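Each remark here refers to the structure printed beneath this line.
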Amino acid sequence: MIDLSVLLGSGLRLKNPVMTASGTFGYGREYEPYLELNKLGAVVTKGLSLLPKPGNEPPRIVETPCGMLNAIGLENIGVEAFLSDELPALKAAQATVVVNFFGETIDEYEELAEILDQETGIDALEINISCPNVKAGGLQFGTDPRMAASLVTAVRRRTSLPLITKLSPNVTDIISIAMAVEAAGSDCVSLINTLTGMAVDLQSRKPVLANITGGLSGPAIKPIALRMVHQVARNVNIPVIGIGGISSTNDALEFLLVGATAIQVGTCNFVNPAITAEIAAGIETFLHESSISHISDFIGSLQLA
Amino acid sequence: MFLFPSTVLQLTELTPDTFRIRLSSPENFARQFIPGQFVMASVAGPSHLDPLLKRPFSICRLRPDGFELLIKVVGRGTEILQHMAIGTLLSLHGPLGNGYPVNVIGKDRKIMLVAGGIGIASIISLLDYCLEAAYPLKNINLILGARTSSELLYIDEFRQLTEKGLTLSIATDDGSRGHRGLVTDLVSRQLQNNAENNPIILSCGPLPMLTALGKLAVEASCPCYLSLESRMACGFGVCLGCVTRNKTKDEKHPWVKVCHDGPVFDAATLQL
Ligand SMILES: Cc1cc2nc3c(=O)[nH]c(=O)nc-3n(C[C@H](O)[C@H](O)[C@H](O)COP(=O)(O)OP(=O)(O)OC[C@H]3O[C@@H](n4cnc5c(N)ncnc54)[C@H](O)[C@@H]3O)c2cc1C
Ligand SMILES: Cc1cc2nc3c(=O)[nH]c(=O)nc-3n(C[C@H](O)[C@H](O)[C@H](O)COP(=O)(O)O)c2cc1C
Ligand code: FES
């Protein structure tokens, strides 16, 4: 028997390292025709806010080489509707549930953390810090180590659930942000969120997206994500979750090799809705063929000369 | 709905930039299919990362060994498909979305089918359904629009059906066949001539045409269903990329998903 389970901080054991990336897996239920949710390490929900959010005007997406830009604008049904309409199905499927959430002020993050903390059936929280802080003139929480740390400190006080902080790659030094949120009490970090990009239409001379800019995701960002995961994993003592362009078992293994304890698959769920289950099975096959009985023996085993 | 590998069985060029592709499907595919539904199709072999996303195409026609798509080349993905070798395996997902409301169309009802350009792919699935279900052809009015006569597809087949009662009208932008001008000119004329016996309108085509048609239908108080297009990443309701504004929703949350709530919508609910 191969042990695929991984520990994300003290409180959260996943049966395997394959998670879904927020915003690419709906609220989980939509994928039930394609796979068994309880075969995944964890299901990470679409990012929730206190109140429902309508999101941006269309066009919201455009394909780019080996990837896509999105400016969905964090559209979601709000925490209340999630708890009443969506969480029961996830519980019934016996999925490990990670709720991703965000706010526009620290107060909003705190209130959300408190609400989610009181629910049963939620196994961990993932804080999306790639959001504008309206009280700081719209500067993103995730772009400044001090602001990121004070947000995590505030949320930490409101919940005993395992806390994952999801980092933005649109920064000069992601290591300093990771270290700051570790010191503030985050149990894990996940990275990367999307990279800000843009597409224009030569004929109309207009931006393709109504929002002008959007977040780049998909295989195009994998080398950047891999580099950032590698750097962060060497500089923090908490588990790191690798995200960015994973489209195959080998991609997932590469992130584990450079030090990710778990991985999340995003955009490629759109292309193949069964891909997370296939990658989980693929990792098991790989370990079996490599005669590795515990996945922890493989994680971070990168050979640096 | 299925997620399946599909073999390219046949590829036929119809005009320099349109082709028909016949694809294999799982056994129960036809049984699940409702006219107006679509598939998401990979445009490159498995494990190719570019182009990454699947593309949406209306299921045009069911065939004993699978189904056909009718495709117009507009960019990289459709161009790759155009040159696909017979036997190539594609990755498919479907049938997806809600089709036309076939169960509410009574057999004694006048039906107006309006197709603009490659929108004919979706309309053919509906026409096939009507033929199969033995709708009287004398109640069906097919109105086709294209830029020029050489872009009118399947015209001989439609002409044969006129001998059995189908009414066929054509508009081309350059007047090379039928009315010179827009399909909506024809629709508006026919609605005026038949004001006492309103048809149900079902349509697929470019957005400006659908918008004009929806407005005409609302003015004439005709029931009208429009099949919309949108940029899609997933095709099954999870990316929220394909939304369009809908009047029946509250103002704070005005969106419906074209892939999951459509692609066919009641024109009265759309912000036209
Ligand atoms: C439900 C549905 C059914 C469809 N059925 C058919 C069909 O039966 N036959 C058929 O030929 N096509 C159909 N389409 C359109 C088809 O999906 C696109 O033409 C195809 O995805 C283009 O792929 P590409 O890689 O060739 O073009 P790309 O390289 O992706 O794009 C080519 C050009 O078109 C623009 N473009 C692409 N998509 C859109 C859009 N949604 N709105 C506005 N501009 C856009 C791009 O910006 C670019 O300029 C359907 C679309 C939908 C949503
Ligand atoms: C359409 C879309 C919506 C997303 N929504 C969210 C979100 O609500 N919250 C969040 O933290 N990340 C969101 N993301 C980012 C992904 O979770 C992930 O970090 C990113 O896409 C990189 O992974 P990938 O290359 O595998 O897609 C979204 C990504 C996409 C493509
Ligand atoms: S295409 Fe993804 S939600 Fe419609």
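The values are calculated or read from the model by the stated rules, or taken from the named source; none is laboratory data. All figures in this text were calculated on a predicted structure; none of them were measured in a lab. Glycine also receives a Cβ, built like all others from the backbone with ideal geometry; neighbour counts cover every protein chain displayed. Ligands, DNA and RNA are stripped out before the accessible areas are found, and what is left, the full protein with its side chains, is counted by its heavy atoms. Shrake-Rupley method; radii C 1.70, N 1.55, O 1.52, S 1.80 Å.
Regarding B:L62, is this residue assigned to a loop (DSSP other than H, G, I, E, B), at pLDDT 95 or above and either in contact with a Phe, Trp or Tyr (Cβ under 9 Å, 6 or more places away or on another chain) or crowded, with 16+ Cβ neighbours inside 10 Å (or both)?
Spelling it out, it is not the case that B:L62 is assigned to a loop (DSSP other than H, G, I, E, B), at pLDDT 95 or above and either in contact with a Phe, Trp or Tyr (Cβ under 9 Å, 6 or more places away or on another chain) or crowded, with 16+ Cβ neighbours inside 10 Å (or both).
Could you say which residue among A:L163, A:L226 is within 16 Å of the chain's Cα centre (by Cα), within 17 Å of A:G47 (Cβ to Cβ) and either at pLDDT 95 or above or buried (at least 21 other Cβ atoms within 10 Å of the Cβ) (or both)?
Details: A:L226 fails: within 17 Å of A:G47 (Cβ to Cβ).
Unique residue meeting the criteria: A:L163.
For the subset of the range A:39-79 comprising residues that are surrounded by fewer than 19 Cβ atoms within 10 Å (Cβ to Cβ) and among the charged types (D, E, K, R), which member is farthest from the other protein chains (Cβ to nearest Cβ)?
A:K39
Could you check the range B:99-218 for helices (runs of 4 or more DSSP H) lying wholly inside it with 3 or more residues that are closer than 26 Å to B:L272 by Cβ? Can you show your working first?
Values: elements: B:120-132, B:155-162, B:183-193.
Qualifying helices (runs of 4 or more DSSP H): B:120-132, B:183-193.
Conditions tested, residue by residue: (1) open to solvent by 20 Å² or more (accessible area, probe 1.4 Å); (2) within 14 Å of chain B (Cβ to nearest Cβ).
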| residue | (1), (2) |
| --- | --- |
| A:T194 | yes, yes |
| A:A210 | yes, yes |
| A:G218 | no, yes |
| A:R234 | yes, no |
| A:P239 | yes, no |
| A:G245 | no, yes |
| A:G266 | no, yes |
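Which count do you get for residues in the range B:212-238 that are within 16 Å of ligand 1 (Cβ to nearest atom) and polar (S, T, N, Q)?
Restricting attention to the range B:212-238, the residues satisfying the condition of being within 16 Å of ligand 1 (Cβ to nearest atom) are B:225-238.
Cutting the leftovers down to polar (S, T, N, Q) gives us B:227, B:230.
So the answer is 2.
Looking at B:L52, B:L127, can you tell me which residue is buried (at least 20 other Cβ atoms within 10 Å of the Cβ), over 22 Å from B:S227 (Cα atoms) and out of contact with any Ser or Thr (no Cβ under 6 Å at 6 or more places or on another chain)? Steps first, please.
Values: B:L127 fails: over 22 Å from B:S227 (Cα atoms).
Just a single option satisfies the conditions, and that option is B:L52.
Being hydroxyl-bearing (S, T, Y) and farther than 26 Å from B:H179 by Cα is the filter here, so list the residues in the range B:190-248 that pass it.
To start, the set of residues in the range B:190-248 that are hydroxyl-bearing (S, T, Y) comprises B:203, B:211, B:221, B:225, B:227, B:230, B:244, B:248.
Listed by number, the residues that qualify are B:S230, B:T244, B:T248.
Step by step: first the residues of the range A:15-26, then only those that are away from chain B (no Cβ under 14 Å) and not hydrophobic (A, V, I, L, M, F, W, C), then the one that is nearest to the chain's Cα centre (by Cα). Which residue is that? Write out each step before concluding.
Narrowing the range A:15-26 to residues away from chain B (no Cβ under 14 Å): A:15-19.
Filter again for not hydrophobic (A, V, I, L, M, F, W, C), leaving A:15-17.
Details: A:K15: 17, A:N16: 16, A:P17: 13 Å.
Checked the range A:15-26; the qualifying residue nearest to the chain's Cα centre (by Cα) is A:P17.
Going through the range B:173-215 one residue at a time, which ones are of a type in the set (A, V, I, L, M) and surrounded by fewer than 17 Cβ atoms within 10 Å (Cβ to Cβ)? Before you say what the answer is, go through the steps one by one.
First, pick out the residues of the range B:173-215 that are of a type in the set (A, V, I, L, M): B:182-183, B:186-187, B:191, B:195, B:200-202, B:207, B:209-210, B:212-213.
Of everything in the range B:173-215, those that are of a type in the set (A, V, I, L, M) and surrounded by fewer than 17 Cβ atoms within 10 Å (Cβ to Cβ) turn out to be B:A195, B:L207.
Tell me, please, whether a residue that is farther than 28 Å from A:L51 by Cβ and more than 13 Å from chain A (Cβ to nearest Cβ) can be found in the range B:257-265.
Just the residues of the range B:257-265 that are farther than 28 Å from A:L51 by Cβ, to begin with: B:263-264.
From what is left, the residues that are more than 13 Å from chain A (Cβ to nearest Cβ) are B:263-264.
Yes, the range B:257-265 contains a residue that is farther than 28 Å from A:L51 by Cβ and more than 13 Å from chain A (Cβ to nearest Cβ).
What number of residues within the range B:224-272 are part of a strand (DSSP E or B), away from ligand 2 (no atom under 13 Å from the Cβ) and either open to solvent by 20 Å² or more (accessible area, probe 1.4 Å) or not hydroxyl-bearing (S, T, Y) (or both)?
In the first step, residues of the range B:224-272 are kept if they are part of a strand (DSSP E or B); the result is B:224-227, B:243-246, B:255-257, B:263-266, B:270.
Applying the additional criterion that residues be away from ligand 2 (no atom under 13 Å from the Cβ) yields B:224-227, B:244-246, B:255-256, B:263-266, B:270.
Checking the rest, the ones that are also either open to solvent by 20 Å² or more (accessible area, probe 1.4 Å) or not hydroxyl-bearing (S, T, Y) (or both) come to B:224-226, B:244-246, B:255-256, B:263-266, B:270.
Of the residues in that region, 13 qualify.
What is the one condition in (1) part of a loop (DSSP other than H, G, I, E, B); (2) in contact with a strand residue (DSSP E or B) (Cβ under 7 Å, 6 or more places away or on another chain); (3) of a type in the set (D, E, K, R) that B:E68 does not satisfy?
So B:E68 meets the others, but not (1).
What is the number of the single condition among (1) away from ligand 2 (no atom under 15 Å from the Cβ); (2) within 14 Å of chain B (Cβ to nearest Cβ); (3) surrounded by 22 or more Cβ atoms within 10 Å (Cβ to Cβ) that A:R29 does not meet?
(3)
In the range A:196-208, which residue that is open to solvent by 50 Å² or more (accessible area, probe 1.4 Å) and of a type in the set (A, V, I, L, M) is farthest from ligand 3 (Cβ to nearest atom)?
A:L202
Does any residue of the range B:7-24 turn out to be within 16 Å of ligand 3 (Cβ to nearest atom) and within 21 Å of the chain's Cα centre (by Cα)?
Initially, the range B:7-24 is screened for residues within 16 Å of ligand 3 (Cβ to nearest atom), giving none.
No: the range B:7-24 contains no residue that is within 16 Å of ligand 3 (Cβ to nearest atom) and within 21 Å of the chain's Cα centre (by Cα).
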